[in-house]
Amino acid sequence: SYSHLNPVKYTDPDGKETQVIITKDYLIEFKVPFTAYKVKVGQYGSHAAVRVDNPSGSPTLYDPAGSYNPIDPEQGGPVRGSGDFFDGKTADLESYVKYQQSLGSDVEILRFATTPEQEKEIAKRIEASGGAAPCYCAQETSSTLSGVGPFKDLQPTMRPGKLSDQLKDITPPPKVEL
């Protein structure tokens, strides 16, 4: 599909990329009366998730402690289970980003080059992690990635904003999309 006039923005055509998604919100946000301007103050990371194409199966999206619950057209209903992950068509990055934006969040996607073996390891960890308690999204996301490929020195953290900062310090740096 064509997303923001960019047909490949939300795809990983060669299956060698891991996407970490950080949502950002604001402590104070309001519209200036009689104008189209919005004032946003105090940005913070509010949620973290990860997606891999998973060469050993279908794409996997891990949304620990999140609220994303897509409708599976084949099943005819919501598909969120206790494991907080989605696979196949329900692991669609574009749909996930649009959902987060519909909640009013800004969305940052950090893209990292990974090998099929590294993606397979991340997908295996996602399935083993299962669901997360509220407020543990960054802890689960960072723990799932820590020690694998470009994330070899990543330290688990409870804060999505700190996770974003750590990820941006990785060499080579990720491609960042806002």
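The table that follows gives values for the structure above.
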{"quantity": "Of all residues in the stretch 84-107 being touching a residue at least 40 places away in the same chain (Cβ under 8 Å) and part of a strand (DSSP E or B), the one that is nearest to V20 (Cα to Cα)", "calculated": "V107"}
{"quantity": "Number of the exception - T171 against (1) β-branched (V, I, T); (2) part of a strand (DSSP E or B); (3) more than 15 Å from the chain's Cα centre (by Cα)", "calculated": "(2)"}
{"quantity": "Unmet requirement for R80, which otherwise passes all of (1) charged (D, E, K, R); (2) surrounded by 14 or more Cβ atoms within 10 Å (Cβ to Cβ); (3) at pLDDT 85 or above", "calculated": "(3)"}
{"quantity": "Cross-chain or 6+ apart pairs with Cβ under 9 Å, the stretch 160-173 first and within 16 Å of S46 (Cα to Cα), then open to solvent by less than 90 Å² (accessible area, probe 1.4 Å) and among the charged types (D, E, K, R)", "calculated": "P160/K24; G161/K24; S164/K24; S164/E108"}
{"quantity": "Matching residues in the stretch 37-58 - criterion: being under 22 Å from L178 (Cα atoms) and open to solvent by less than 50 Å² (accessible area, probe 1.4 Å)", "calculated": "V39, G42, G45, S46, H47, A48, A49, V50, R51, V52, D53"}
{"quantity": "Every residue from the stretch 55-76 that is at pLDDT 85 or above and acidic (D, E)", "calculated": "D63"}
{"quantity": "In the stretch 124-168, the residues that are part of a helix (DSSP H, G or I), over 18 Å from I109 (Cα atoms) and open to solvent by less than 20 Å² (accessible area, probe 1.4 Å)", "calculated": "I126"}
{"quantity": "Among the residues listed as V41, V50, the single one being closer than 18 Å to S142 by Cβ and assigned to a strand (DSSP E or B)", "calculated": "V50"}
{"quantity": "Failed item, numbered, when S105 is tested on (1) closer than 30 Å to K31 by Cβ; (2) out of contact with any Phe, Trp or Tyr (no Cβ under 7 Å at 6 or more places or on another chain); (3) open to solvent by 50 Å² or more (accessible area, probe 1.4 Å)", "calculated": "(3)"}
{"quantity": "Subset of the stretch 108-119 [part of a helix (DSSP H, G or I) and either closer than 22 Å to A65 by Cα or open to solvent by less than 50 Å² (accessible area, probe 1.4 Å) (or both)]", "calculated": "P116, Q118, E119"}
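The values are calculated or read from the model by the stated rules, or taken from the named source; none is laboratory data. In this text the structure is predicted, and so the values were computed from the model without any measurement. Counting neighbours? That spans all protein chains shown, and the Cβs are built from the backbone with ideal geometry, glycine included. Heavy atoms of the whole protein, side chains included, go into the accessibility calculation; ligands, DNA and RNA do not. Shrake-Rupley method; radii C 1.70, N 1.55, O 1.52, S 1.80 Å.
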